[in-house]
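Some notes on the structure that comes next.
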Amino acid sequence: MKNRGWLAILVIAVAVAALVAPFASSWPDGLEKVAGQLGFAPRAAAPAPGYALPGLPEGHVSTGVAGILGTLIVFAAVYGLAALLAARARKRNVQLETHQ
């Protein structure tokens with residue numbers, strides 16, 4: 001995918017995170033529920049528990065910013081993985097072409 005396509009996906013994902021995250025349910029998600037049932041919730045460490053970020057008041061702004069940061073981190077990981085896999089595929093194709 002060209003860089004413009006990646007940029008469009010990123011903009012849409014960040015917009016969704018910023019606009020939808022503040023209205024997410026306050027009920028525990030599946031992982032939190034299982035952690036509570038199995039008794040390790042108090043020991044679990046989260047980078048932003050409850051989507052509260054240090055220096056920001058709890059509420060819609062903090063949740064929106066946490067959603068944006070999480071989206072950017074996941075996007076960077078996926079983009080990096082895609083670039084790595086594409087480079088490996090190109091290398092493999094070059095090796096196949098030289099052996100034919």
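Mind checking the angle between helix 3-20 and the chain's longest principal axis? C-alpha axes, 0 to 90 degrees, to the nearest 10. Result, in degrees: 10.
Helix content alone sets the calculated 222 nm mean residue ellipticity of the chain: runs of n ≥ 4 DSSP H residues at -39500 (n - 2.57) each, divided across all residues, give -23500 deg cm²/dmol. Expressed as a whole percent, the accessible surface of the chain that belongs to carbon and sulfur atoms is 69, based on a 1.4 Å probe. Rounded to two decimal places and with Rh computed the Kirkwood way over Cα pairs, what is Rg over Rh for the chain? In the chain, Rg relative to Rh is 1.17. Solvent-accessible surface of the chain, averaged per residue with a 1.4 angstrom probe and all protein chains in place: 81 square angstrom. In this rough spin-label picture, where each label sits 7 Å from Cα along the Cβ direction, the Ala15-Ala45 distance is 3.7 nm.
The values are calculated or read from the model by the stated rules, or taken from the named source; none is laboratory data. Since this is a predicted model, take the numbers as computed values, not measurements. Glycine gets a Cβ as well: all are built from the backbone with ideal geometry, and neighbour counts include every protein chain shown. Surface areas here come from the heavy atoms of the whole protein model, side chains and all, with no ligands, DNA or RNA. Shrake-Rupley method; radii C 1.70, N 1.55, O 1.52, S 1.80 Å.
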